[in-house]
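Read the figures in this text as sums done on the coordinates, not as results from a lab. Since this is a predicted model, take the numbers as computed values, not measurements. Heads up, the Cβs are rebuilt from the backbone with ideal geometry, glycines too, and the neighbour counts pull from every protein chain shown.
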Amino acid sequence: MMNATQVMEYVSDQGVYLYIDDGQLKFKAKKGTMTPDLKKVIGQYKSEIINLLKENEGDVFQEDVMIEKRAAEIAPLSYSQQRLWFIDKLGEGSAQYNICQALEVHGAFDLAAAEQ
């Protein structure tokens with residue numbers, strides 16, 4: 001038997017983001033991700049999930065977890081990156097590690113090269 005938190009983690013692992021809009025449980029997911037079985041599991045715990053989301057209203061924890069899981073699947077973090085991530089979470093989004101700089105570009109700017 002699962003609880004609402006476990007259901008939220010399971011749903012998140014499937015690539016589904018649950019949220020409340022006007023008191024109604026809503027979801028964001030890629031097309032085809034929300035299977036009938038997944039809907040059934042969510043439906044069984046709907047009221048508990050809504051209560052859990054209301055308790056954590058304004059908390060972006062679930063969205064952060066989904067983004068981090070997807071990013072880890074693409075490219076795992078190095079130990080240095082993990083350390084910086086931990087410090088950022090501990091410091092609640094401090095800007096102490098941001099480095100601001102401006103560059104002057106002469107001639108044609110190649111956006112694709114800059115993005116790489």
inquiry  = Among the listed pairs LYS40/LYS89; LYS30/LYS54; LYS28/LYS89; LYS28/LYS54, which have their C-alpha atoms separated by more than 26 angstrom in this model?
reply    = LYS40/LYS89
key: ASP110 versus THR5: modelled label distance in nm, points set 7 Å from Cα along the beta carbon direction   = 5.1 nm
ask   = Which value in nm describes the separation of the simple spin-label points at LYS40 and ILE87, placed 7 Å from the Cα toward the beta carbon?
value = 4.9 nm
